[in-house]
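So the structure is just underneath, and the comments pick up after that.
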Amino acid sequence: MTAGCQVDFYVLGSAEQSPQQLACRLAMMAWEKGHRIAVMVEDQDQAHTLDELMWEYPAGRFLPHALASGTSTAPVRIGTTLEGMPNEVDVVINLTSREISKPEQFRRLLEIVPASDAERTASRNKFRAYRNQNLNPVSHPMGKSK
């Protein structure tokens with residue numbers, strides 16, 4: 001393993017499972033352990049959707065978060081790129097189809113693998129790319145496949 005970056009792939013078992021809700025739960029767990037988190041999304045529409053979801057989910061909990069485009073110092077930041085993210089970010093949750101560049105600069109990288117075949121292909125490519133960077137990605141099944 002290079003520079004201590006732990007790479008985990010959370011593989012959703014069905015289309016009913018929400019990648020965004022899992023990202024919220026993972027962000028909550030990381031924040032409760034004192035981490036600074038960047039959640040990567042494809043575009044600004046997804047960033048705003050996830051921002052709204054984080055106000056409601058997990059139910060009955062508060063997750064301090066903000067869009068990366070703002071000036072907030074919230075421990076959870078949502079954005080489309082890691083550029084401009086605070087230097088203290090040590091956990092990245094990736095909801096995009098692209099790999100995270102320079103993953104070794106983070107303590108953990110959490111990849112969420114949706115149930116659809118097309119999105120799984122992108123995740124397989126990311127898995128191989130991280131392995132080719134001498135990282136040791138680990139898969140975690142999240143429910144049964146149909």
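The values are calculated or read from the model by the stated rules, or taken from the named source; none is laboratory data. What you see is a predicted model; the values in this text were computed from it and never measured. Glycine gets a Cβ as well: all are built from the backbone with ideal geometry, and neighbour counts include every protein chain shown. These accessible areas exclude ligands, DNA and RNA; they are computed on the full protein's heavy atoms, side chains included. Shrake-Rupley method; radii C 1.70, N 1.55, O 1.52, S 1.80 Å.
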Worksheet item: Taking each full run of DSSP H in the chain as one helix, which ones are at least 18 Å long along their axis (Cα atoms) and have mean Kyte-Doolittle hydropathy of at least -1.0?
Response: 19-32
Item to complete: Note down the accessible area of R120, probe 1.4 Å, to the nearest 10 Å².
Response: 40 Å²
Worksheet item: Which loop-located chymotrypsin sites (Phe, Trp or Tyr not before Pro) does region 1-76 contain, where loop means any DSSP state but H, G, I, E or B and the Cβ has at most 13 other Cβ atoms within 10 Å?
Response: F62
Worksheet item: Ranked from the most accessible area to the least, with a 1.4 Å probe and all protein chains present, what is the order of T49, T80, T71, T121?
Response: T71, T49, T121, T80
Worksheet item: With all protein chains present, how much of the accessible area of the chain (probe radius 1.4 Å) comes from carbon and sulfur, to the nearest whole percent?
Response: 49 percent
Discussion item. Please list V11, V39, V138 from largest to smallest accessible area, probe radius 1.4 Å, with all protein chains kept in place.
Written reply: V138, V11, V39
Worksheet, complete the sentence: Probe 1.4 Å, heavy atoms of protein chains only: per residue, the accessible area of the chain in Å² is 54 Å²
Worksheet item: E83 to T49: FRET efficiency via 1/(1 + (r/R0)^6), r the Cβ-Cβ distance, R0 22 Å, to the nearest 0.05?
Response: 0.55
Worksheet item: Taking amide H positions as placed 1.01 Å from N in the peptide plane, with prolines and chain starts having none, which residues 5 or more places from E111, or on another chain, fall under 5 Å of its amide H?
Response: D8, F9, Y10, N94
Worksheet item: What value, in deg cm²/dmol to 500, does the helix sum -39500 (n - 2.57) over DSSP H runs of n ≥ 4 give at 222 nm once divided by the residues of the chain?
Response: -9500 deg cm²/dmol
Worksheet entry | Debye intensity ratio I(q)/I(0), log10, region 21-80, q values 0.21 Å⁻¹ (C-alpha model) | -0.73
Worksheet item: So, in nm, how far is label E16 from label R124 when the simple model puts each one 7 Å beyond its Cα toward the Cβ?
Response: 2.6 nm
Worksheet, complete the sentence: Quick note, region 2-115: a/c under 1.5 would make it rounded; otherwise a/b > b/c is prolate and the rest oblate (a ≥ b ≥ c, C-alpha gyration tensor); here it is rounded
Response to the item:
Given a Förster distance of 22 Å, the FRET efficiency implied by the Cβ-Cβ spacing of R131 and R98, rounded to the nearest 0.05, works out to 0.85
